[in-house]
Amino acid sequence: MAIYIDKESKTFYLEGENSTYSFFINSFGYPEHLYWGKKIHRDYLLMARSGGARSCEAKVPGTNEGGSTYNHMLPEISYFGTGDYREPTVHPVFEDGSRVTELLYSGYDILPEKPRISSMPSMSGGETLVIYLYDTIRDFGAELYYTAYPDSDVISRRIIYKNESNKKIKLDRAYSFALALPKGDYDALTLFGGWANERNPERTPLHHGVFSIDSKRATSSATLNPFMAVMERGASEDRGNVYGFNLIYSSSYALKAEGASGGHFVVSGGINDFDFSWLLSPGESFETPEAVLSFSAEGLGGMSRSFHRAYREHLINKRYVKALRPVLINNWEATYFEFTFEKLAAIVDSIEGTGIDTFVLDDGWFGKRDDDNSGLGDWVVNEAKLSGGLDRLIDYVHSKGLKFGLWFEPEMISEDSDIFRAHPDYAIGIPDRPRCYSRNQYAMDLTREDVRDYIVDSINAILKKHDIDYVKWDYNRNVTEFFSEGRDPDRQLEFSHRYALGLYDICDRIVLANPDIFFEGCSGGGARFDPAILYYFPQIWTSDDSDAEERTHIQWGTSYAYPLSAMACHVSAVPNHQVRRVTPMRTRADIAHLGATGYELDTTVFTDKDRDEVKRQVAEYHKMEDLVLDGDLYRIEDPTKTNFFSFAIVSPDKSRAHLTCYRSKGQPNPEPHIVKMAGLDENKLYFIPELNLMLHGSTLMNVGFAVNFNKGDFMTRTFNFEEK
Ligand code: GLA
């Protein structure tokens, strides 16, 4: 059981492993937030509610009671026009032009199984609470869904809005959740970035007024990940209360934290209401994307481990989440567009005996695609370039005992393509305006069923015809022009959300319809790294920047919300193609081992010594792979603030662990660098082969040990811990 109700006080308690979330239905029928934090007893909590009379504030409609202003009640949902001036969760426009609603309690249900959202990815789960709210004057309803996870400190929330009237209702805002954090001093931690520079942490003090992050790109974006942690001012990596928020959504979103006049902070979010509205005909409902909420009393580290565990157990495809990942060689940085069968076969030959088990053919195998100006959308093998076609290459790869992977960019179309010549309207655009190019290409109008059918049919035809084990699904540009030819003008503001629904539809029909193929997500690097993508793709290309130094930052930031197993990380060439930096091969591998590892460089130039080194690396990776797939991550040294980076991964039973330490700049005459382990069992005795020492967890975590790096920049050391 995870959900309890005290019927007398109408108080609901949702319990996680170490946390409680609670709200009650007040005398007006409004759900008032009470508490979210460390686990407490199921006591009476109303003595702590923050409602109360305030001068110069509107009373609840139809009452003149003191202590009854919406503006000071802590919300689970809030709306505009009845005295609440904070950010509304929903903003309906009724047929008479009025925008006022009052959604009040009409009952609840506890469902034994969490229902899936029909049109969007969501977490699985057990016991789910539904609170029914209704505006009897406008026959407008809201259903608030809450799922608690007894095995972690995560709660999932979403809202369904219902038009039960016989008139149209337009939703100008339809967020997924709202809740309040008590009066206090808080910071927000968010992840900003861009191409080759994804997910940099940024800590910002919250203030009176609204702090918000969003995307207006019809994708979750590298600009700002749909993640926000709200931290008590003194909270750190391993101490203090932290509240994490992440949206299972891949289109334009908003997340807000508002310092309200009562001193409390209202956090809310969901679909971005900028350039959005949704028309509900009589009888129609609107499902919002799911928000995942994670509480930790153990700082950011605890929050991240909760997200990771919840995503592994309840979001990522069960078949693949803990299965050994392909260790691949990708030809992109070895050949770019310039390859022939012979060149690719030589790469395959050159990795024989290394343990690399999958060959992935990247961009350039289809249509007329010799550079990035043409061919997207023509999913037909370019036999002039690849003599003997795909089958000859696939047979060759398979004959060497390797699996075969192939790159697609399903959502895109080039102007210079047969499909664009036949159907220029498949590209998003406004007929009398020029379209914006981005990477010399356009995005397809996924809001249209005929466009989606074309994509699904042409890609599934390739997957059916050829023996393909793995697919890399790329998405290299963002939408512009936000318009769908032929759609009713009243519904054009539905575009960005319909794009997400279209994306999920083609993922259902391509990814889920081919369960034996392993799909990796990608977006011009890691620009669409969100939980909805993780639902379909157990791993996502983390960044086009594969330089080891840069990757310590990118992987650190990504790990705030996403598990290591979700991050595809490759060993690439030096000088690095993005930053021209030269780092040791061993360092590149040690950092790439902190995720789903692989190689992306010209292996045909390898010497026997290089091949032996790769063989050693792959074997080493396999020894720690179960920790990457299912271990608990402890971030120890922060590369965004120090000259060092270290990640420890600990098995769930704490019998094994792996520590990777990295020093960025070499130091003259360095002091001993003491690293304190984290996450071990204090009372267990561990053998550390690299130190040839047997030490208790308590000693390793409180005393630590000196990590000696070789001379030079960009050096790593790794350590293993085995319970004895
Ligand atoms: C994107 C990806 C790369 C590669 C290229 C191919 O940039 O992130 O890994 O696949 O596209 O065009």
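The values are calculated or read from the model by the stated rules, or taken from the named source; none is laboratory data. A quick note: this is a predicted structure, and the numbers were derived from the prediction, not measured. A quick note on method: Cβ atoms are made from the backbone with ideal geometry, for glycine too, and the neighbour counts reach across all protein chains shown. These area figures cover heavy atoms from the full protein model, side chains too; ligands, DNA and RNA do not enter into them. Shrake-Rupley method; radii C 1.70, N 1.55, O 1.52, S 1.80 Å.
What is the magnitude of the charge dipole of the chain about its Cα centre, with +1 placed on the Cβ of each Lys and Arg, -1 on the Cβ of each Asp and Glu, and no other charges, expressed in debye to the nearest 20?
I would put it at about 1400 debye.
Could you check the spin-label model distance between I674 and N373? Points 7 Å from the Cα along Cα→Cβ, value in nm.
6.2
For segment 91-173, which trypsin sites (Lys or Arg not before Pro) are both in a DSSP coil and crowded by at most 15 other Cβ atoms within 10 Å?
For trypsin sites (Lys or Arg not before Pro) across segment 91-173 that sit outside H, G, I, E and B with at most 15 neighbouring Cβ atoms in 10 Å, the list reads R99, R116, K167, K168.
Rounded if a/c is under 1.5, else prolate if a/b is larger than b/c, else oblate: which is segment 637-723, with a ≥ b ≥ c the root eigenvalues of its Cα gyration tensor?
In terms of gyration-tensor shape, prolate.
Of H423, F265, H696, whose Cα points farthest to the positive end of the dipole of the chain (charges on the beta-carbon: +1 Lys, Arg; -1 Asp, Glu; origin at the Cα centre)?
H696
Tell me which aspartates and glutamates have Cα within less than 15 Å of K665's Cα, excluding those fewer than 8 residues away on the same chain?
The qualifying aspartates and glutamates are D547, E549, E550, E637, D638, D713.
Return the inverse of the average 1/r over all pairs of distinct C-alpha atoms in segment 472-533, which is the Kirkwood hydrodynamic radius, in Å to one decimal.
13.4
Quick one: grab the alpha carbon gyration tensor of segment 18-127, order the square roots of its eigenvalues as a ≥ b ≥ c, and give me rounded if a/c is under 1.5, else prolate or oblate depending on whether a/b is larger than b/c.
It is oblate, given that a/c is not under 1.5 and a/b is not larger than b/c.
Carbon and sulfur together cover what percent of the accessible area of the chain at a 1.4 Å probe radius?
Whole-percent figure for carbon plus sulfur exposure: 50.
Within a Cβ distance under 12 Å of E95, other residues only, what is the Lys/Arg minus Asp/Glu net charge?
The answer is +3.
Counting residues in segment 387-442 as N, plug N into 2.2 N^0.38 Å and put the Cα Rg over that result.
Normalised Cα radius of gyration, segment 387-442: 1.69.
Cα convex hull of segment 2-64: how many Å³ per residue?
It is 95 Å³ per residue.
What's the angle, to the nearest 10 degrees (0 to 90), between helix 299-314's Cα axis and the longest principal axis of the chain?
Orientation of helix 299-314: about 80 degrees from the principal axis.
Normalised by the residues of segment 637-723, what does the relative contact order come to in percent, with Cα pairs under 8 Å and at least six apart?
The normalised contact order for segment 637-723 reaches 34 percent.
For a 28 Å ceiling on Cα separation, which of these pairs sit above it: K403/K623; K39/K114; K400/K615; K318/K464; K472/K641?
K472/K641
Report the local net charge at N440: Lys and Arg +1, Asp and Glu -1, summed over other residues whose C-beta lies under 10 Å from its C-beta.
The answer is -2.
Taking the Cβ of M694 as the center, what net charge do the other residues with Cβ under 12 Å away carry, scoring Lys and Arg +1 and Asp and Glu -1?
0
Let me know the shape class of segment 3-314, please: from the alpha-carbon gyration tensor, a ≥ b ≥ c as square roots of the eigenvalues, rounded when a/c is under 1.5, otherwise prolate if a/b is greater than b/c, or oblate.
Rounded shape, in that the Cα axes give a/c under 1.5.
Can you work out the accessible area per residue across the chain, with the rest of the protein chains kept in place, probe 1.4 Å, in square angstrom?
Result: 36 Å² per residue.
Are there chymotrypsin sites (Phe, Trp or Tyr not before Pro) in segment 42-119 that DSSP puts in a loop and that have at most 13 other Cβ atoms within 10 Å, and which ones?
Hits after loop and neighbour filter: Y44.
If you build the convex hull over the alpha carbons only and average its shadow over all orientations, what do you get for the chain? Give it in nm² to one decimal.
Here the figure is 32.5 nm², rounded to one decimal.
Averaged over every viewing direction, what's the projected area of the C-alpha convex hull for segment 328-629? Give it in nm², one decimal, please.
15.5
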